[in-house]
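Only one structure is covered here, and it is reproduced in the block below.
The values are calculated or read from the model by the stated rules, or taken from the named source; none is laboratory data. Small disclaimer: the values here were computed from a predicted structure and weren't measured. Glycine also receives a Cβ, built like all others from the backbone with ideal geometry; neighbour counts cover every protein chain displayed.
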Amino acid sequence: MIISRPFELGQDQSSPNKNVFPITAELDELGRMMIGGCRLSNLAEIYGTPLYVIDEKTLRIACRAYKEALRNYYPAASLPLYASKANSSLAISNIVMSEGFGIDVVSEGELITALKAGMPGKNIVFHGNNKSSRELLLAYKNDVTIVIDNHHDIDQLNYIVNSTEKKARLILRLTPGIECHTHEYIRTGHLDSKFGFDLEDLDKTLVKLKNLHWANLIGLHAHIGSQIFELKPHQDLAEVMVSALHKAIEIGHPVTDLNIGGGLGIKYIDSDDPPSIANWVEKISKSIIDSCKKRNMDYPRLLCEPGRSIIATAGLTLYKLGSRKNIPGINKYVSVDGGMSDNPRPITYESTYTACLVDKPSAEPQESVNIVGKHCESGDILLKNYPLPNSSSGDVLGVFGTGAYNLSMSSNYNRIPRPASILVSNGNAELVQKRELPEDLLRYDILPDRFIAKG
Ligand code: LLP
């Protein structure tokens, strides 16, 4: 029985999100998989497993695809922002900045990472439905654009910046009431959402902001969801947002920016077929242009916030296979040395991935197995009923498309330390985040004196 055909490395060089593998994927003379000119099994040997690997070229090409498409299809100014919730680190922030991106952040941690990486405050957009006053102050002091998500944000800023000279640069987040087909938990633009202002409250909120001397409203924002393959919802969004922008201008706000969020999907498995980055930008641009023309408006500066489509395909995770359990006629379990703590997406969203034994990616599958993690949780299954060639303990397994929402959503469940992250490029590998050690996990533990045996 053929369970699945072996891997092909057919790559769309212009839009990484349309590939399962990083665009530098190739096989060496012995058929072993290489990424960024580095043999994956060799990286596992040197850096240990589990290991997050990021292919710099794939990351840069995704950034360039957005920049180029904006240049080609949008006739006015634009600024793509990398949604750093997908994977936040100094190295990644630095790379996206060098490609002309700004950054979207949602916490003090992501904000200080972007600032430390050298990102100017004016190119940082700060989101969040429950920002602390400390976070708001930090953003304000660094000239970061603050996304007003609710009245609590306005009240807190009123307190923080009321008596100062400098105005706060603001973007107002709206809930545009647009449905899209993705996992229920990752839809954010429909009406029953914790994020943003309902369109019904737009006028009132715009007037409220107009009357605050410290508020400088420069634009509007909406984000409708993530891992979206349809283009229609974003086209509809453009029309809704241009109409809202028109209203803001009528009320007297000097708005220039339209931020349409992120959301473009990626190919995790063979049957996924997302639009290309160019296609996504082209359709949205056209919709904005048409909507502006209809209203005789100047084109706004176009901001977008891709996360997954920038970094997911650049990333992969290496594991070593360990124990195996065969339950005749029922199931086969093959364990890896990581799991739900380094990739919580399968257990959280039933997400699917593509994987292979990196030293024989083209070998014919011989059996169907559950590839499971090492955590004390039966649901800790990374890949269900997955076709695998003959394998042995110690073989290195690569799971692809893990660059987004893996490290950033990782945990220390079972006190398992986080993997290291390395960046590969032109045959070189560089450590960009150290592996946590079990001892690191004790660093905030305090044993009260009364528990320490005396004498
Ligand atoms: N902008 C805002 C305001 C967002 O909330 C998000 C994602 C993005 C941009 C980036 O969206 P992307 O281009 O990455 O689709 N943990 C989930 C994904 C949650 C996305 C949350 N917001 C997952 O693992 O699939």
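Figure legend. Inter-residue proximity from segment 31-51: first residues closer than 17 Å to Leu321 by Cα and modelled with pLDDT under 95, second residues part of a strand (DSSP E or B) and among the small types (Gly, Ala, Ser), beta-carbon distance below 8 Å, spacing 6+ or different chains. No pairs are indicated. Answer with yes or no whether Lys166 is among the basic types (Lys, Arg) and either part of a helix (DSSP H, G or I) or within 16 Å of the ligand (Cβ to nearest atom) (or both). So Lys166 does not fit the description; no. Does Ile61 qualify as being in the same structural domain as Leu397 (by TED's automatic domain parsing) and either among the small types (Gly, Ala, Ser) or touching a residue at least 24 places away in the same chain (Cβ under 8 Å) (or both)? The answer is no for Ile61.
Remark: pairs (first residue in segment 225-236, among the polar types (S, T, N, Q); second residue assigned to a helix (DSSP H, G or I) and buried (at least 20 other Cβ atoms within 10 Å of the Cβ); Cβ separation under 9 Å; 6+ apart in sequence or on different chains) = Ser226/Arg308; Gln227/Arg308; Gln235/Ile284; Gln235/Ser287.
Return yes or no: is Leu115 in the same structural domain as Gln227 (by TED's automatic domain parsing), modelled with pLDDT of 95 or more, farther than 22 Å from Ser309 by Cβ and buried (at least 23 other Cβ atoms within 10 Å of the Cβ)? Answer is no for this residue.
Report whether or not Asn87 is of a type in the set (S, T, N, Q), at pLDDT 95 or above and within 16 Å of the ligand (Cβ to nearest atom). Considered against the rule, which asks whether it is of a type in the set (S, T, N, Q), at pLDDT 95 or above and within 16 Å of the ligand (Cβ to nearest atom), Asn87 comes out as yes.
The set of residues in segment 292-312 that are in contact with a Ser or Thr (Cβ under 8 Å, 6 or more places away or on another chain), near the ligand (Cβ under 8 Å from one of its atoms) and of a type outside the set (Gly, Ala, Ser) contains only Arg308.
The rows are residues; the columns are (1) free of Cβ contacts under 8 Å to residues at least 60 places away in the same chain; (2) exposed (fewer than 14 other Cβ atoms within 10 Å of the Cβ); (3) in a loop (DSSP other than H, G, I, E, B).
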position	(1), (2), (3)
Thr313	no, no, yes
Leu321	no, no, no
Asn326	yes, yes, no
Tyr333	yes, no, no
Met340	no, no, yes
Thr348	no, no, no
Thr352	no, no, yes
Ala363	no, no, yes
Tyr405	no, no, yes
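For segment 285-311, a residue qualifies if it is farther than 24 Å from Arg345 by Cα, in a loop (DSSP other than H, G, I, E, B) and in contact (Cβ under 8 Å) with a residue 24 or more places away in the chain, and the qualifying residues are Met297, Asp298, Tyr299, Pro300.
Out of Ile284, Ile266, Ile289, Ile327, one residue alone is within 15 Å of the ligand (Cβ to nearest atom) and more than 18 Å from the chain's Cα centre (by Cα). It is Ile284. Screening the candidates Ala76, Ala65, Ala86 for the property of being in contact with a Ser or Thr (Cβ under 8 Å, 6 or more places away or on another chain) and either farther than 26 Å from Val396 by Cα or polar (S, T, N, Q) (or both) yields one hit, Ala65.
Considering only residues that are at pLDDT 95 or above and within 25 Å of Val281 (Cα to Cα), which ones fall in segment 198-216? Across segment 198-216, there are no qualifying residues. The number of residues in segment 207-233 being within 12 Å of the ligand (Cβ to nearest atom) and either under 14 Å from Gly177 (Cβ atoms) or of a type in the set (Asp, Glu) (or both) comes to 4. If the condition is being among the basic types (Lys, Arg) and more than 25 Å from the chain's Cα centre (by Cα), then segment 124-174 contributes Lys141, Lys166, Lys167.
Any idea which of (1) of a type in the set (D, E, K, R); (2) farther than 17 Å from Thr317 by Cα; (3) touching a strand residue (DSSP E or B) at 6+ places or on another chain (Cβ under 6 Å) is the one Glu108 doesn't satisfy? Going through the list (1) of a type in the set (D, E, K, R); (2) farther than 17 Å from Thr317 by Cα; (3) touching a strand residue (DSSP E or B) at 6+ places or on another chain (Cβ under 6 Å), Glu108 breaks only (3). The residues listed here are Asn216, Asn129, Asn158; of these, the one that is part of a strand (DSSP E or B) and surrounded by fewer than 20 Cβ atoms within 10 Å (Cβ to Cβ) is Asn216.
The residues in segment 66-102 that are basic (Lys, Arg) and touching a helix residue (DSSP H, G or I) at 6+ places or on another chain (Cβ under 9 Å) can be counted, and the count is 1. If you go through segment 392-410, how many residues are of a type outside the set (D, E, K, R) and away from the ligand (no atom under 13 Å from the Cβ)? Residues that pass the stated criteria total 8.
Taken as a whole, segment 383-390 holds at least one residue that is part of a strand (DSSP E or B) and under 18 Å from Ile266 (Cα atoms).
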